[in-house]
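**Q** My questions will all concern the structure given below.
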Amino acid sequence: MFTVNKVGLVSSFLHSMNVGDIMGIRGPMGNSYPWKNLEGKNIVIIGGGFAFTTLRASIIYMLDPANRSKFKDIHVIYGARTPGMLLYRDELAEWEQRDDINMHITVDGTDDPNWKYNTGFVPTITEQKAPPADDDTYAIICGPPIMIKFTQPVLDKLGYSHDQIIMSLENRMKCGIGMCGRCNIGQEFVCKDGPVFTLEQLNKTPREY
Ligand code: FES
C-alpha cells in the first residue's frame, strides 16, 4: 500500500490519476529494519505525522500471526497535529482493541470533547508511556526532525543506549542508488546504506537529518 500526501507536482499528479491508470515504480531500495536481531525483544515504535507509514508496515509485520510470538511487548507511540490528521484510523481502532499491543495515540491539541486518547507532543508521551530500557528493549523512531530532536533526550533519560535506538531517515532523494549525492549524511548514502540506521551509527555522521 502507498500513502501519498498531496504536497507538490508529482504527488498532486498521483492524486489526479484514475483507477486503472498505469504508473512505474523503482524499488525496493536501501536496507530494512533488522528484524532478525530484534526477535525476542520488546519493541517501542515512536512516530509522528506521515512518517507513520513505514511504522504501520512494521506493526503489521510484527502482529502477523506468523511473527507475533517472535517479539515480546510492543508499544506504539504515535502523534499527529490533530485527530483529523491521524492516518489509518480503522487500523488504529483495531489495534486499540488488542491486548498484545500497547497503543499510545496522541495529538498536539484538540477541542473535540469526544477525544479519548492522549493530548501532548510525542516526546512528552514517550516520557510518560515508554518502558524504561533494559537489554531487551529497542526503540524504532521515524518522524519529523523536530520530533526526533526532542525524543532522543527522553530515550537517553529512560536508559536507551544508542545502539538500541533505530531510526529511519527521510532525507530528500533523487536517484535512489547512491549516484547523485542528494541524500548523503557524511559518508553514508541514505538511499543505499539506509534509510535505517542506529543512532550509534548516526552519531558518527554530521547531523544532516
Ligand atoms: S538519492 Fe542519489 S545518492 Fe542517494
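**Q** From (1) touching a His at 6+ places or on another chain (Cβ under 6 Å); (2) under 18 Å from residue 81 (Cβ atoms), pick out the condition that doesn't hold for residue 119.
**A** With respect to (1) touching a His at 6+ places or on another chain (Cβ under 6 Å); (2) under 18 Å from residue 81 (Cβ atoms), residue 119 is out only on (1).
**Q** While we're looking at this one, here's another question. Determine whether the stretch 82-104 contains at least one residue that is surrounded by fewer than 17 Cβ atoms within 10 Å (Cβ to Cβ), in contact with a Lys or Arg (Cβ under 8 Å, 6 or more places away or on another chain) and closer than 17 Å to residue 123 by Cα.
**A** No: the stretch 82-104 contains no residue that is surrounded by fewer than 17 Cβ atoms within 10 Å (Cβ to Cβ), in contact with a Lys or Arg (Cβ under 8 Å, 6 or more places away or on another chain) and closer than 17 Å to residue 123 by Cα.
**Q** Look through 112, 163, 156, 108 and report the one residue that is in contact with a Leu (Cβ under 9 Å, 6 or more places away or on another chain) and more than 17 Å from residue 75 (Cα to Cα).
**A** From the options 112, 163, 156, 108, the qualifying one is 163.
**Q** One residue is enough: does the stretch 84-96 have a residue meeting the conditions at pLDDT below 95, assigned to a loop (DSSP other than H, G, I, E, B), away from the ligand (no atom under 16 Å from the Cβ) and farther than 28 Å from residue 28 by Cβ?
**A** Checking the stretch 84-96: not a single residue is at pLDDT below 95, assigned to a loop (DSSP other than H, G, I, E, B), away from the ligand (no atom under 16 Å from the Cβ) and farther than 28 Å from residue 28 by Cβ.
**Q** Going through the stretch 162-202 one residue at a time, which ones are of a type outside the set (Asp, Glu) and loosely packed, with under 14 Cβ neighbours inside 10 Å?
**A** Those that are of a type outside the set (Asp, Glu) and loosely packed, with under 14 Cβ neighbours inside 10 Å: 172, 174, 177, 179, 180, 181, 186, 187.
**Q** Still on this structure, I have one more. Out of the stretch 165-192, which residues are more than 9 Å from the ligand (Cβ to nearest atom) and under 21 Å from residue 139 (Cβ atoms)?
**A** 165, 166, 167, 168, 169, 170, 185, 188
**Q** In the list 36, 41, which residue meets the criterion of being exposed (fewer than 13 other Cβ atoms within 10 Å of the Cβ) and not hydroxyl-bearing (Ser, Thr, Tyr)?
**A** Answer to the check: 36.
**Q** Scan the stretch 109-131 and tell me whether some residue there is small (Gly, Ala, Ser) and touching a Phe, Trp or Tyr at 6+ places or on another chain (Cβ under 6 Å).
**A** No: the stretch 109-131 contains no residue that is small (Gly, Ala, Ser) and touching a Phe, Trp or Tyr at 6+ places or on another chain (Cβ under 6 Å).
**Q** Could you name every one of the helices (runs of 4 or more DSSP H) located completely within the stretch 101-209 that has at least 3 residues being among the aliphatic types (A, V, I, L, M)?
**A** Output list reads 145-157.
**Q** Looking at (1) more than 16 Å from the ligand (Cβ to nearest atom); (2) more than 16 Å from the chain's Cα centre (by Cα), which one does residue 145 not meet, given that it meets all the others?
**A** Here residue 145 meets the rest and fails (2).
The values are calculated or read from the model by the stated rules, or taken from the named source; none is laboratory data. Note that the coordinates shown come from a computational prediction; the quantities given were computed from them, not determined experimentally. Positions of Cβ are backbone-derived with ideal geometry, glycine not excepted, and every protein chain shown enters the neighbour counts.
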